[in-house]
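The values are calculated or read from the model by the stated rules, or taken from the named source; none is laboratory data. Please read these numbers as outputs of a predicted model, since none were measured by experiment. When we count neighbours, we look across all protein chains shown, and the Cβ atoms used for this are built from the backbone with ideal geometry, even at glycine. Heads up: the accessible areas ignore ligands, DNA and RNA and are worked out on the full protein's heavy atoms, side chains in. Shrake-Rupley method; radii C 1.70, N 1.55, O 1.52, S 1.80 Å.
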Amino acid sequence: MGNDEAKARRGLAAAGGDAGNEAGDDMGDDAAGAAPGPSGAAGDGSARGGAGAAAPRARERLRRHARRRAAAALRRGRVAARRAAVEGWSALRQRGPGQAQFWLMALFLGLAAGGAAILFRLAISQIQTLIYGADDVRLHSTLERTHWAVVVGVPVLGGALVGWILSRFTDDGKARSVAHVIEGAALRRGRVELRAGLASAAASLVTLSTGGSSGREGPVVHLAAVISSWVSERIRATPMTARDLMGCAVAAAVSASFNAPIAGALFAQEVILRHFALHAYAPIVIASIAGAALGRATMGNVTEFVLPPQSLSFYQELPAFLLLGLVCGLTAVALMRAIFLAEDVGDRAQALLRIPAWARPAAAGLLLGLIALRFPHIIGVGYETTSRALTGALGLREAVLFAVVKAAAVAITFGGRMGGGVFSPSLMMGALTGLAFGTVAVALFPAMSGGQTLYALAGMGAVAAAVLGAPISTTLIVFELTGDWQAGLAVMASVSLSTLVASRMVDRSFFLTQLERRNLHLAEGPHRWAPATIAVRDVMRLAGAEDGPSLSAAQALIEQGAVLRMDDTLERALPMFARHSGPMLPVVAEGEDGRPELIGAVFHLDALRAYVRVLEENLREEHG
């Protein structure tokens, strides 16, 4: 398009020059005709007048001609540009993005996901300020002076709105979370549900703004995955490309939300993709940087928490921090099991009392409002109480009591299906646990301790790492949230033991345990979940085909009940092959008379080949 425009401009200039030259030639000819003597003076003057009138008309005709040529060139340029864009888009959808294209997509995806995370955070702050008169930084102290009807009523109304949103726009009435993003990366070709994802973001926004006791990292991570899934669908991305795009979006969202670009990049790989492949690292880092830059431009380059100066007697106190890791690991397990227990109790109560789906979050909101009358620190994300714990502004009794009540409030929030994330509550629980431990340690060994606030910092990282099952990214995010890199050994010591303890008592992490409770076995690795990604219909041989099953053998297995359905996967087929030693399993559908009708068969050898192929593809992706 640029070349055609340049040609048009040169044509216009040339046309103007030709008009000037022709006009000059005409005038020169007229002057030459006027040279003879006085006898021809009148006629010559008339000729010169005619030539003088004709020259402007000629120049105007040439200018119009040049303008038409320029307009035609511009039209051709636009057509060529549109054709190039269409061809480029078609190539992108057919062959996937090249490396340079992918990095550029990572940059723009990082800006989009980071922007969504920032808008989500600002929306929470604005709604809280509108309702309570303060955002999360001063919310708890403000609620102490707020009328009881507001403290109780707002969570109930918010819960009712959450219930309506989720029952209206999701199939199961549940908010989507980080666990669904992990599931999408592993089992859903790098994609998550768009409609349910947007509804979950809206429900979580209401929850966090109106009294829910959860965090914002889960909603922003899933919202980022929704954005990446939309992009992946538009460009028809392969599963590996879609997963990498999802990692980019998640990294940017975490980076922008917490001003933590290093932890954001590692969180996407450690928790979502669950590998550190080199091909994914560069674009994820680019997206994380984009998210952090956007966040700092909007929110300022400040840390979430400001700590007092720390001191650590390294060799003397390290055993205490290891012991703190043990305590924090048990605290994390207690928090996770309380959430799962609340979900089970909520399911049974809803079924027994026939509570409508929309009313369950409202009932949870009522419980939270009643608790908040005495303990307002449970409302919202909890940054004010976390900050007070990190600065040592709470006593031992307050720290222990606040931790117990916070755990109950988080369990009620999740059991009531109100939405939100678990990372921020785990930070608060860890800071309170660490402060309580540090207060006791300082009292017992005052000469050997550097101060209880350092224990609060280490505890914050230890509980969060155990809950998320992400020791690397959590250790780094604690440093980035506080800006304190001097206490690294203390945090690492506590994190290492807490994750070790917790991983033995749950399925690696809170998110993987959530998936395990839904019979999605991602904690053990690809060899365990890969069969669930292979549909029976994709490896089936049709009945009647040349290489199809023997009708008599298939009928014998049908009579034994050893059959598969079209919507089954190899997760069901492979154990059946282990129980039945034959070479194949028939695939049936229900016939018109209600009896099973043979469609085809899955051969054991075909199933194993497909399984090995998926494992090989996964290994290439992880080590590429």
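Scanning the chain for DSSP H helices at least 18 Å long along the axis (C-alpha atoms) with a Kyte-Doolittle mean no lower than -0.5 picks out 99-132, 148-169, 194-209, 217-235, 239-258, 278-299, 314-353, 359-372, 396-415, 423-444, 452-468, 488-505.
In the chain, the DSSP-assigned H stretches of four residues or longer account for a calculated mean residue ellipticity at 222 nm of -24500 deg cm²/dmol, using -39500 (n - 2.57) per stretch and the full residue count as denominator. When DSSP beta bridges are restricted to pairs lying wholly in the stretch 526-623, around 90% turn out antiparallel.
Using a 1.4 angstrom probe on heavy atoms only, work out the carbon and sulfur share of the accessible area of the stretch 314-517 in %. After summing per-atom areas, the C and S share lands at 68 percent.
Computed from the Cα positions only, the extents of the stretch 355-482 along the three principal axes stand at 58, 33, 19 Å, in decreasing order. Give me the percent of accessible area attributable to carbon and sulfur for the stretch 180-284, probe 1.4 angstrom. The nonpolar share, carbon plus sulfur, comes to 65 percent. Seen from all directions on average, the stretch 526-623 presents a Cα convex hull projection of 6.5 nm². On a C-alpha basis, how far is the centre of the stretch 513-577 from the centre of the stretch 353-430 in Å? Whole number, if you could? Answer, in whole Å: 44. Rounded to the nearest 20 debye, the dipole size of the chain about its Cα centre is 1220 debye, using +1 on the Cβ of Lys and Arg and -1 on the Cβ of Asp and Glu. Reported value for the chain: 276 Å³ per residue, from the convex hull of its C-alpha atoms. Over all distinct alpha-carbon pairs, what is the Kirkwood Rh of the stretch 94-299 in angstrom? About 17.3 Å for the stretch 94-299.
In this structure the amide hydrogen of G421, modeled in the peptide plane, comes within under 5 Å of the amide hydrogens of G215, R216, E217, G218, none closer than 5 places in sequence on its chain.
What separates the Cα centres of the stretch 206-240 and the stretch 466-507 is a distance of 24 Å.
By definition, a body whose alpha carbon gyration tensor gives a ≥ b ≥ c is oblate when a/c is 1.5 or more and a/b is not larger than b/c, and the stretch 107-187 fits this oblate description.
What percentage of the solvent-accessible surface of the stretch 526-623, computed with a 1.4 Å probe over protein heavy atoms, is contributed by carbon and sulfur atoms? About 50 percent, which is the carbon plus sulfur part of the accessible surface. Per residue, the accessible area of the chain comes to 45 Å² when a 1.4 Å probe rolls over the protein heavy atoms.
Could you give the length gained by full extension between F276 and R145, i.e. 0.36 nm per residue of separation minus their alpha carbon distance, to one decimal place?
Here the segment from F276 to R145 would lengthen by 42.3 nm.
Taking label positions 7 Å along the Cα-Cβ direction at both L119 and M566, the computed distance is 4.1 nm, reported to one decimal.
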